[in-house]
Amino acid sequence: MDKLKFAFYWAASCGGCEIAVLDIDEKILNVVEKADIVFWPVALDTKYKDVEAFQDKYIDVCFFNGAIRTSEHEEMAHLLRAKSKTLVAFGACACFGGIPGLANVSDRDEIFDLVYRELPSVSNPDKTTPQLTYTAPEGELTLPQFFDTVKALHQVCDVDYFLPGCPPTPEMIEQAVTAIFEGTLPSKGSTLAPEKALCEECPLEIQEKKIPFIKRPYQVTPDGKRCLLEQGVICMGINTRAGCGARCIKANMPCRGCMGPTPEVADQGAKLVSAIASILGVEGEERMTEKEIEALIAQIKDPLGTFYRYTLPISLLRRKVIKK
Amino acid sequence: MYEPKIIGFLCNWCSYAAADLAGTSRIQYPSNMRAIRVMCSSRVDPEHVLRAFVNGADGVLIAGCHPGDCHYISGNYKTERKYVLLREMLEQFGIDPRRLRLEWCSSAEGGKFAQVVTEMTEELKTLGPIELGAGD
């Protein structure tokens, strides 16, 4: 049997997903035994023109990590889609927009102003910002366009499978690769992770489903036994997909939602508003004045950034309103 | 003048009855609100509100029983906390918080209900059509 052809690509990402591939340790040897890697910018000296030269559907499986931030990312998404039999959105950024997606509370003009003009460490007397084209004596130079809005991979092209996580755990990657080799992948469009919520695999104990107050993680020393929400730390495990083995919680950090919402949830942030506000301050709620309720809710700093930490681009509203 | 669209989530036990009373009492109020009857104001998920905005509503009204009068004892306390948190999040999204309104109308308050809808319609007329997202 011919070896399978794999490709890896990174768009707007931190590089953590690339490391995650190597985190499967010596099992990587089984992978290269059964598959050739034909394109992998971080590790191989392959060029975009090499990919363009491939026949359509030449690549068997392409693992695409990172969000769509620039026109270069979008072009590569379309190109790799055309050249791949199976396209996998790899990691939270490709699946939901991820941390780069939080930039949807801003836009190109604001970001350029800050990064190229306003920061105290910037020296830019001409106030230049990146241009799409520049005519140099040697010829015309071009740069990709920086979009106002960050998108997830499936918002620009057809995606076959989603492998969420920041980054996906070695166990999840290994299971996915095994499914590819054995031909046991589920139906197209599936997320290669369990359907239940993280609470199902969380080792902590729920006692009363009430939150007396909200504190930030650094203000609380978790006791290691009781549900973090009940200890006043916002944990998103209640509507975040399981499959990570509750790693953050085992390290006394709350879930921040990198596995994305469970299948029933369309908008993770809205559902968290509902869930958190319902169980926060239940004790004595009948005596609470409007001012006290506002003070209670004000304990939640930056609800948008907290509740949509990884999923703003795929939320119902997708981004902040741009006033131009 | 712009005619805004308002989605009104009215609780079965108080506010829907208030709207009914406004009707049978022949109290005049603008026809900009489309009513959706829910069993309790706390049934209204923030996701419903966002969906209304995304589908073209200029404003969303949530109306329920007065605090202490909830048919399910404590539903409207939860509604109020959800509303306060959602309002804060809408501001972060750049949506004017006046587009979301929470009111208590008992089944005897047909007049108040008509007044709330009138006020909200006037306010949304001055705010104009809702703008979401945009950009490339």
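The values are calculated or read from the model by the stated rules, or taken from the named source; none is laboratory data. Since this is a predicted model, take the numbers as computed values, not measurements. Note: ideal-geometry Cβ built from the backbone for every residue, glycine included; neighbour counts use all protein chains shown.
Among what's in the range A:260-285 and is out of contact with any Pro (no Cβ under 8 Å at 6 or more places or on another chain) and among the polar types (S, T, N, Q), pick the residue that is farthest from the other protein chains (Cβ to nearest Cβ).
Within the range A:260-285, the match that is farthest from the other protein chains (Cβ to nearest Cβ) is A:T262.
Restricting to the range A:53-73, count the residues that are closer than 18 Å to A:V42 by Cα and not in a strand (DSSP E or B).
Final tally of qualifying residues: 3.
Regarding A:I249, is this residue under 28 Å from A:A12 (Cβ atoms), at the interface with another protein chain (Cβ under 8 Å from one of its Cβ atoms) and over 15 Å from the mean Cα position of the chain (by Cα)?
no
Would you mind stating whether A:G260 is buried (at least 24 other Cβ atoms within 10 Å of the Cβ) and either modelled with pLDDT of 95 or more or not basic (K, R) (or both)?
In short, yes.
Can you pull out every residue in the range B:1-44 that is farther than 28 Å from B:Y77 by Cα, among the polar types (S, T, N, Q) and either in contact (Cβ under 8 Å) with a residue 12 or more places away in the chain or in contact with a Gly (Cβ under 9 Å, 6 or more places away or on another chain) (or both)?
Once the filter is applied, which keeps residues that are farther than 28 Å from B:Y77 by Cα, among the polar types (S, T, N, Q) and either in contact (Cβ under 8 Å) with a residue 12 or more places away in the chain or in contact with a Gly (Cβ under 9 Å, 6 or more places away or on another chain) (or both), the range B:1-44 yields B:T24, B:S25, B:Q28.
Determine the pairs where a residue that is farther than 19 Å from A:C258 by Cα and more than 8 Å from chain B (Cβ to nearest Cβ), located within the range A:299-324, has a partner that is aliphatic (A, V, I, L, M) and outside any loop (DSSP other than H, G, I, E, B) with Cβ atoms under 9 Å apart, the partner being 6 or more residues away or on another chain.
A:Q299/A:L280
Give the residues of the range B:113-128 that are closer than 21 Å to B:N55 by Cα and either touching an Asp or Glu at 6+ places or on another chain (Cβ under 9 Å) or within 14 Å of chain A (Cβ to nearest Cβ) (or both), sorted by residue number.
B:M120, B:T121, B:L124, B:K125, B:L127, B:G128
Being part of a helix (DSSP H, G or I) and either more than 11 Å from A:K5 (Cα to Cα) or not assigned by TED's automatic domain parsing to the domain that holds A:L163 (or both) is the filter here; which residues of the range A:20-46 pass it?
A:A20, A:V21, A:L22, A:D25, A:E26, A:K27, A:I28, A:L29, A:N30, A:E33
Report yes if some residue within the range A:236-255 is surrounded by fewer than 16 Cβ atoms within 10 Å (Cβ to Cβ), more than 22 Å from B:V44 (Cα to Cα) and of a type in the set (G, A, S); otherwise report no.
Yes, that holds for at least one residue.
Since A:C199 meets every condition but one in (1) in a loop (DSSP other than H, G, I, E, B); (2) touching a residue at least 24 places away in the same chain (Cβ under 8 Å), which condition does it not meet?
So the condition that A:C199 fails would be (1).
Would the range A:23-42 turn up any residue that is closer than 30 Å to A:R309 by Cβ, touching a Leu at 6+ places or on another chain (Cβ under 6 Å) and not aliphatic (A, V, I, L, M)?
The answer is no; no qualifying residue exists.
Select, from B:E88, B:E131, the only residue that is at the interface with chain A (Cβ under 7 Å from one of its Cβ atoms), surrounded by fewer than 18 Cβ atoms within 10 Å (Cβ to Cβ) and without any contact (Cβ under 8 Å) to a residue 40 or more places away in the chain.
Working: B:E88 fails: surrounded by fewer than 18 Cβ atoms within 10 Å (Cβ to Cβ).
None of the other options fit; the residue is B:E131.
If we scan the range B:67-90, do we find a residue that is within 22 Å of B:Y29 (Cα to Cα) and either modelled with pLDDT under 95 or in contact with a strand residue (DSSP E or B) (Cβ under 8 Å, 6 or more places away or on another chain) (or both)?
no
Would it be correct to say that A:L229 is under 27 Å from A:T191 (Cβ atoms) and assigned to a helix (DSSP H, G or I)?
no
Residue check: is A:T133 exposed (fewer than 12 other Cβ atoms within 10 Å of the Cβ), hydroxyl-bearing (S, T, Y) and not assigned by TED's automatic domain parsing to the domain that holds A:G237? Before you say what the answer is, go through the steps one by one.
Details: exposed (fewer than 12 other Cβ atoms within 10 Å of the Cβ): yes; hydroxyl-bearing (S, T, Y): yes; not assigned by TED's automatic domain parsing to the domain that holds A:G237: yes.
Against the criterion (exposed (fewer than 12 other Cβ atoms within 10 Å of the Cβ), hydroxyl-bearing (S, T, Y) and not assigned by TED's automatic domain parsing to the domain that holds A:G237), A:T133 qualifies.
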